[in-house]
1. Can you tell me which residues in the stretch 17-67 are open to solvent by less than 50 Å² (accessible area, probe 1.4 Å) and outside any helix (DSSP H, G or I)?
2. Please state which of the following conditions Gly177 fails to meet, knowing it meets all the rest: (1) open to solvent by less than 50 Å² (accessible area, probe 1.4 Å); (2) closer than 25 Å to Thr69 by Cβ; (3) at pLDDT 85 or above; (4) part of a helix (DSSP H, G or I).
3. Quick check: anything in the stretch 111-125 open to solvent by less than 40 Å² (accessible area, probe 1.4 Å), at pLDDT below 85 and not in a strand (DSSP E or B)?
4. Mind checking which residues of the stretch 2-16 are open to solvent by 90 Å² or more (accessible area, probe 1.4 Å) and either more than 30 Å from Ser83 (Cβ to Cβ) or among the aliphatic types (A, V, I, L, M) (or both)?
5. Restricting attention to the stretch 126-174, and to residues there that are assigned to a helix (DSSP H, G or I) and acidic (Asp, Glu), which single residue is nearest to Thr76 (Cα to Cα)?
6. Could you check the stretch 151-172 and list, in sequence order, the residues that are in contact with a strand residue (DSSP E or B) (Cβ under 8 Å, 6 or more places away or on another chain) and either modelled with pLDDT of 90 or more or of a type in the set (Lys, Arg) (or both)?
7. Do you know which residues across the stretch 126-144 are open to solvent by 60 Å² or more (accessible area, probe 1.4 Å) and either farther than 14 Å from Ser83 by Cα or modelled with pLDDT under 90 (or both)?
8. Name the single residue that is most open to solvent (accessible area, probe 1.4 Å) among those in the stretch 68-83 being closer than 25 Å to Tyr119 by Cα and not hydroxyl-bearing (Ser, Thr, Tyr).
Amino acid sequence: MHTDVRLGLGWVAVLVAAATGLYSWKISFQESRFGVFIGVTLYALLSAIQMGYIYFIEGDTVFVGKRKTLDKRIQTERLTASSKTTRPKPQSPAPATAPTLPLSTFYPRATSTYLPPHYHLTVNYALTVSGGKALIRANKVEDERCYADFFDSKGNLDEARFVAWVSAMLEKVEDEGKSQ
C-alpha cells in the first residue's frame, strides 16, 4: 500500500509540474505568473504531503508482504521488515585484567570516541486465520550489524554476506514462530 500512495502522489506532482511548465511555455511570462505560482505551490504541497507520509506513516518500513494459503482453512502470513541506522552505545570499559585491542585495529579510521554506525533490522511475522481475526502465531526478530561488516576494503557491498544475514533472520523468525 505504501508504494501505491507514494507513486500516486509522485505522479500527480510530476503531472502538475509538467502542466505548469507547458503553460508557462505557451503563455507569456506576465500573463502566466499567477498560473505558474499556483502550479509551483501545488507541486510543493504535494511533495510536502509525500514526505510527511513517508516520515510519519511509512516510517522505517522497507517491506510488507502478505501470502494466503489453504491448509484446511485460509491462512494469511504477513511479513514486515523495517530498518534504521543506529549509533551503538559506548560500552563500559573492560576490566583491567582483560586483554583489549584498540578500536583502530578493526576500524582504521576509528578513534576512541568514534563508533561506526550500525544497520538495525527488525522482521515481524504473523500467521492469522479468519481474515486476520484469529492469530495463530507471531514472532519478531531484531538484529544489528555494523555497516563495515557488509563492505569490503574498497567500499563495495558484499552482497552475499548481506543476503546471508537477512536470510538467516527470515529463517529464524519463521522457525521461532512455529515453535511457539
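1. Matches in the stretch 17-67: Gly59, Thr61, Gly65.
2. In the conditions (1) open to solvent by less than 50 Å² (accessible area, probe 1.4 Å); (2) closer than 25 Å to Thr69 by Cβ; (3) at pLDDT 85 or above; (4) part of a helix (DSSP H, G or I), Gly177 misses (3) alone.
3. yes
4. Result: Leu7, Leu15.
5. Within the stretch 126-174, the subset assigned to a helix (DSSP H, G or I) is 147-150, 159-174.
So of that shortlist, the ones also acidic (Asp, Glu) come out as 149, 159, 171, 174.
On the way: Asp149: 35, Glu159: 30, Glu171: 18, Glu174: 14 Å.
Among residues in the stretch 126-174 that are assigned to a helix (DSSP H, G or I) and acidic (Asp, Glu), the one nearest to Thr76 (Cα to Cα) is Glu174.
6. Once the filter is applied, which keeps residues that are in contact with a strand residue (DSSP E or B) (Cβ under 8 Å, 6 or more places away or on another chain) and either modelled with pLDDT of 90 or more or of a type in the set (Lys, Arg) (or both), the stretch 151-172 yields Leu157, Asp158, Trp165, Val166, Met169, Leu170, Lys172.
7. Correct list: Ser130, Gly131, Lys133, Leu135, Ile136.
8. Residues of the stretch 68-83 closer than 25 Å to Tyr119 by Cα: 78-83.
Then keep just the ones that are not hydroxyl-bearing (Ser, Thr, Tyr); that gives 78-79, 81.
On the way: Arg78: 111, Leu79: 46, Ala81: 18 Å².
Across the stretch 68-83, the extreme among qualifying residues is Arg78.
The values are calculated or read from the model by the stated rules, or taken from the named source; none is laboratory data. Because the structure is predicted, anything quoted here is derived from the model rather than measured. Methodologically, a virtual Cβ is constructed for each residue, glycine included, from the backbone with ideal geometry; neighbour enumeration extends over all protein chains shown. Only protein heavy atoms, including side chains, enter the accessible area calculation; ligands, DNA and RNA are left aside. Shrake-Rupley method; radii C 1.70, N 1.55, O 1.52, S 1.80 Å.
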